[in-house]
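Novice: Attaching a single structure in structure tokens format; questions to follow.
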Amino acid sequence: MSIETMSFILGGILLAAALFGGRLEVKELKLPQIGIFARFLCAVAGLGFVGLAIYVHGTLSPSNSSVASSDAKKTSMTFQAPMLGDLRLDACLEWGTNCGEPAATAWCKTKGMTRATVFPSETVGEIGTRLIGTKQECREKFCVSFAYIVCEK
């Protein structure tokens with residue numbers, strides 16, 4: 001369990017104690033009734049832990065836009081539901097071959113990036129996809145595209 005998750009859970013428990021004044025029972029966790037001063041301290045500590053979780057999440061998680069990695073001086077960009085022309089990008093370069101990384105990297109190169117690092121796929125059905133290698137279209141129920149692509153330079 002990560003520090004942000006633990007901090008968020010602890011902050012939530014403390015805020016619940018502050019709001020309800022104790023007398024709270026969840027599975028094995030039982031909080032006795034507490035006084036007004038203890039409720040105030042729980043509220044302050046709870047807000048602090050929730051704030052810490054949000055801060056840690058914001059500093060450790062990459063955003064969906066450009067992110068510069070200070071270690072390797074590499075730039076990453078995330079592209080949601082990538083399109084090739086008027087259709088979604090197919091997950092394969094050619095029909096049924098070179099699927100996944102080869103197709104995602106070829107698409108990243110069209111955006112001036114070097115390679116694809118993350119490229120989860122999803123079935124898009126009859127929405128339609130276009131293969132980057134051959135420009136052919138898929139308009140069947142089994143058409144697969146990328147949910148998003150993270151490209152690196």
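Please treat every number below as a calculation from the coordinates, not as lab data. In this text the structure is predicted, and so the values were computed from the model without any measurement. Every residue, glycine as well, gets a Cβ built from its backbone with ideal geometry; the counts of neighbours run over all protein chains shown.
Novice: What cysteines in the chain have no other cysteine with a beta carbon less than 4.7 Å from their beta carbon?
Specialist: If one checks each Cβ against the other cysteines of the chain, CYS42 turn up with nothing under 4.7 Å.
Novice: Follow-up. Quick one: longest stretch of the chain between exposed loop chymotrypsin sites (Phe, Trp or Tyr not before Pro), exposed meaning at most 15 other C-beta atoms within 10 Å and loop per DSSP? Write out the running numbers ahead of the final one.
Specialist: Working: sites that count: TRP95, PHE142.
With a cap of 15 other Cβ atoms within 10 Å, the longest stretch comes to 1-94.
Novice: Out of every Cα-Cα pair in the range 67-152, what percent are more than 22 Å apart?
Specialist: Numbers: 757 of 3655 pairs.
Tail of P(r) above 22 Å: 21 percent of Cα pairs.
Novice: Counting only pairs 8 or more places apart or on different chains, how many lysine pairs in the chain have C-alpha atoms closer than 12 Å?
Specialist: Numbers: LYS73/LYS153; LYS74/LYS153; LYS109/LYS153; LYS111/LYS153.
Lysine pairs meeting both conditions in the chain amount to 4.
Novice: Oh, and also: Taking GluC sites (Glu not before Pro) as exposed when DSSP calls them loop (any state but H, G, I, E, B) and at most 16 other Cβ atoms lie within 10 Å, what is the longest stretch of the chain free of them, the sites themselves excluded?
Specialist: Working: sites that count: GLU28, GLU140.
Longest site-free region, per DSSP loop and neighbour criteria: 29-139.
Novice: Roughly how big is the range 67-152's charge dipole about its Cα centre, with Cβ charges of +1 (Lys, Arg) and -1 (Asp, Glu), in debye to the nearest 20? The partial results should precede the final answer.
Specialist: Details: 10 positive and 10 negative charges, 56 e Å.
Once rounded to the nearest 20, the dipole reads 260 debye.
Novice: Rounded, prolate or oblate: which fits the chain when a ≥ b ≥ c are the square roots of the eigenvalues of the alpha-carbon gyration tensor, with rounded for a/c under 1.5 and prolate only if a/b beats b/c?
Specialist: Numbers: a/c = 4.62, a/b = 2.48, b/c = 1.86.
Here the chain falls in the prolate category.
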